[in-house]
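The values are calculated or read from the model by the stated rules, or taken from the named source; none is laboratory data. Computed from a predicted structure; not experimentally measured. Cβ sites come from the backbone with ideal geometry, for glycine too, and all protein chains shown count toward neighbours. We work out accessible area using only protein heavy atoms, side chains counted, and drop any ligands, DNA or RNA first. Shrake-Rupley method; radii C 1.70, N 1.55, O 1.52, S 1.80 Å.
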Amino acid sequence: MKISVVHTIFFSPTHTSLRIADAIAEGMGTCEHKELDITYEKPVKNILIEEGVAVISVPVYGGRVAETAVERLRSIRGNNIPAVVAVVYGNRDYEDALIELRDIAKEQGFIPVSGGAFIGEHSYSRPDRPVAEGRPDKADIDTAFAFGSKTAAFLNDWSGEFIDLQVKGNFPYKVKGNKTPQTPVTISELCTQCGYCIEICPTQSIELQDGIVSDPESCIKCCACVKECPNQARVFETPFTDYLFKNFSSRRDPELFFSYRKI
Ligand SMILES: Cc1cc2nc3c(=O)[nH]c(=O)nc-3n(C[C@H](O)[C@H](O)[C@H](O)COP(=O)(O)O)c2cc1C
């Protein structure tokens, strides 16, 4: 199969999943690239991807695919086209997220042919307690690029028949923990009420009332507002930061999986 177009499909509040998707797509070669960003809203209508290859990249939340990503991926279908599935996690563990993403891709009409678990700076990493700070770094991006190239080479002789992609993870998937209603807060002395956090919140959970406030019901704690506030006026204090810094600081490396052609 000659790859005519690569569709990157991503949910990426702090942009690490986006960077991995782009590196994989670039590794696939110089064909046309199309972007389907589901970070900021659910697609307004159902989308059918008819041709080419999809690269689907999402973050791991609690060892599973981030729930908002799952909801939004349900609006996208593939017309029996191959897909690369990638999860990005903050150096703790990806548990059942990759197998879950593989299964979602299948249910949505894609044929998962390769899968990868990559590392991105943890949403709860803070400069004084870094967790996977600055990742994906050059080595990660090179790995993602090579993974894209290898998948493209593999698809070159594709005739539509693959043995099911096997990846690490368990089914039934890990049970999700209870939702805790905490949100980032605003340091009013630093906040200029520029509204940027309102713009970039993936779940439209931030409003300007007397000051900038988050709705604990819809906030997904992705920390996009914390990491992107131009005045460092948004903070999210969670005991996870200490826990992750103490226990998950040693470097983990990407894990890659490939399907095999039927012979
Ligand atoms: C609510 C939440 C839960 C998370 N759970 C995990 C996890 O189970 N394992 C892990 O290693 N990282 C976890 N992370 C970190 C993210 O997977 C990681 O920072 C990822 O790079 C974020 O992707 P993005 O930059 O595309 O938003 C979690 C982050 C958030 C906000």
Please state the Cα pair-distance histogram of region 185-237 with 5 angstrom bins from zero: what percent is in each bin?
4, 23, 39, 26, 7, 0
Restricting to bridges with both residues inside the chain, how much of the DSSP beta-bridge set is antiparallel, in percent to the nearest 5?
30 percent
Just tell me which lysines come within less than 28 Å, Cα to Cα, of residue 168; anything on the same chain fewer than 8 places away is out.
106, 138, 150, 176, 179, 221, 246, 262
Most positive-pole-ward Cα, 201, 222, 212, against dipole of region 190-233 from beta carbon charges
222
Under 5 Å, built H, 5+ apart or other chain: amide partners of residue 55:
7, 8, 9, 84
Mind listing the lone cysteines of the chain, meaning no other Cys beta-carbon sits under 4.7 Å from theirs?
31, 191, 194, 201, 219, 222, 223, 229
How large are Rg and Dmax for the chain when only the alpha carbon atoms are used, in Å?
18.6, 66
With all protein chains present and a 1.4 Å probe, how do 205, 188 order by accessible area, largest first?
188, 205
Run the numbers on the chain and let me know its relative contact order in percent, using alpha-carbon pairs under 8 Å that are six or more apart.
22 percent
Can you classify region 114-182 as rounded, prolate or oblate using the Cα gyration tensor, where a ≥ b ≥ c are the square roots of its eigenvalues, rounded means a/c under 1.5, and otherwise it's prolate if a/b beats b/c and oblate if not?
oblate
Can you put 85, 167 in order of accessible area, largest first, using a 1.4 Å probe?
167, 85
Quick calc, the chain, dipole around Cα centre from Cβ unit charges on Lys, Arg (+) and Asp, Glu (-), nearest 20 debye, gives 600 debye
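Of the DSSP beta bridges with both residues in region 26-134, give the percent that are antiparallel, rounding to the nearest 5.
Details: 3 of 21 bridges.
So the antiparallel bridges in region 26-134 amount to around 15 percent.
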